[in-house]
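Structure below; questions to follow.
Where a number appears in this text, it was derived from the coordinates with a stated rule and is not lab data. Note that the structure is predicted; figures quoted are calculated from it, not measured. Here the Cβ positions follow ideal geometry from the backbone for every residue, glycine too, while neighbour counts run over all protein chains shown.
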């Protein structure tokens, strides 16, 4: 049984306006054209969809059930038309963004919210990866953009500055089996559990700041790592923006000294240099780079 979108639109318009004449005016069609469309639709369905016995035309009980589904069909058709126009303009229907584990999400996520409010027809696929995971996804073609630290000398990448991140070695005040001093050595720290992030890459996993020979526990994300450190279950390097409040309140102490230093990484927005981005990806690149 075939229905035209025009027939469905006429039915809903008559139902909402209460008359064929008003529906015709709303649709910029003639009264006979609307009347004919409804008549053909009722013939196909085999039941009366409109009650014409009153001054104001109303849906019959069967018409109400039919109209609910007709509205869903018209809405889906509208969305399909939007997608068709979007594709014709070269706009991406989907965009894949990977956020690295050190990225300050409290700054980035509001930027993404504002951006995609202006591009509502592009669906965001957001992934979170650790260590070399974002690079792996980007090089494999599984990401349009990543927000992470990169090797800036890698000619395969284009990057634009986004935000700096400072890493600080920290522990809970009673989380180490010895006193915290500025003369702590790597050898001394082998007696404590080091909490490290597990690389989410499937190949060529990497470790950072790991003390060789020390006990360590691995976790999948920075929030879990912070929770373990706060509970005195180990120590580790944490992004300053995640632990600044705890350092100031005394819930955590810095292990900085002669051997353990804070370090700085530049979080950037990066993409592959050998791929031509679409208009939405270009606009997102400009928005993130401009926000820096």
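Full-extension gain between residue 139 and residue 289, please, as 0.36 nm times their residue separation minus the C-alpha to C-alpha distance.
Answer, rounded to one decimal: 51.9 nm.
Continuing with this model, one more query. Sort 128, 178 so the one with the fewest other Cβ atoms within 10 Å of its own Cβ comes first.
Numbers: 128 16, 178 10.
Fewest to most other Cβ atoms nearby, the residues stand as 178, 128.
For the pair residue 183 and residue 210, what calculated FRET efficiency results from E = 1/(1 + (r/R0)^6), where r is the Cβ-Cβ distance and R0 = 25 Å, to the nearest 0.05? Provide the component values of the computation, followed by the final result.
Working: r = 21 Å, r/R0 = 0.84.
Efficiency, rounded to the nearest 0.05: 0.75.
Right, next: So how much slack lies between residue 93 and residue 276, counting 0.36 nm per residue of separation and subtracting their Cα-Cα distance, in nm? If you can, show how the numbers build up before the last one.
Values: separation 183, 0.36 × 183 = 65.88 nm, distance 1.56 nm.
Working it through step by step, the gained length comes to 64.3 nm.
Pairs of Cα atoms under 8 Å, at least six residues apart: use those to get the relative contact order of the range 5-88, whole percent. Let's see the in-between values first.
On the way: 71 pairs, mean separation 24.2, N = 84.
Relative contact order of the range 5-88: 29 percent.
Run the helix sum for the chain: -39,500 (n - 2.57) per DSSP H stretch of 4+ residues, divided by residue count, reported at 222 nm to the nearest 500 deg cm²/dmol. Walk me through the intermediate numbers first.
On the way: 10 runs with 121 residues, N = 292.
Counting only the DSSP helices, I get -13000 deg cm²/dmol.
Between 91, 136, 42, find the one with the highest GNM mean-square fluctuation for the chain; connect C-alpha pairs within less than 10 Å.
42
Modelling each spin label as a point 7 Å along the Cα-to-Cβ direction, I'd like the residue 174/residue 51 distance in nm, to one decimal.
Using points 7 Å along Cα→Cβ, the separation is 7.5 nm.
Would you work out if the range 1-115 is rounded, prolate or oblate? Take a ≥ b ≥ c from the square roots of the eigenvalues of the alpha-carbon gyration tensor; rounded if a/c is under 1.5, else prolate when a/b is larger than b/c, oblate otherwise.
Numbers: a/c = 3.10, a/b = 2.80, b/c = 1.11.
It is prolate, given that a/c is not under 1.5 and a/b is the larger ratio.
Using r as the Cβ-Cβ distance of residue 258 and residue 78, and R0 as 45 Å, what FRET efficiency do you calculate, to the nearest 0.05?
Values: r = 66 Å, r/R0 = 1.48.
Here the calculated transfer efficiency is 0.10.
Sort 217, 285 by Cβ crowding within 10 Å, fewest neighbours at the top. Intermediate values should be presented prior to the final figure.
Working: 217 15, 285 19.
So the residues, fewest neighbours to most, are 217, 285.
Between 195, 243, 45, where does the largest GNM mean-square fluctuation fall for the chain, given springs only between Cα atoms within less than 10 Å?
45
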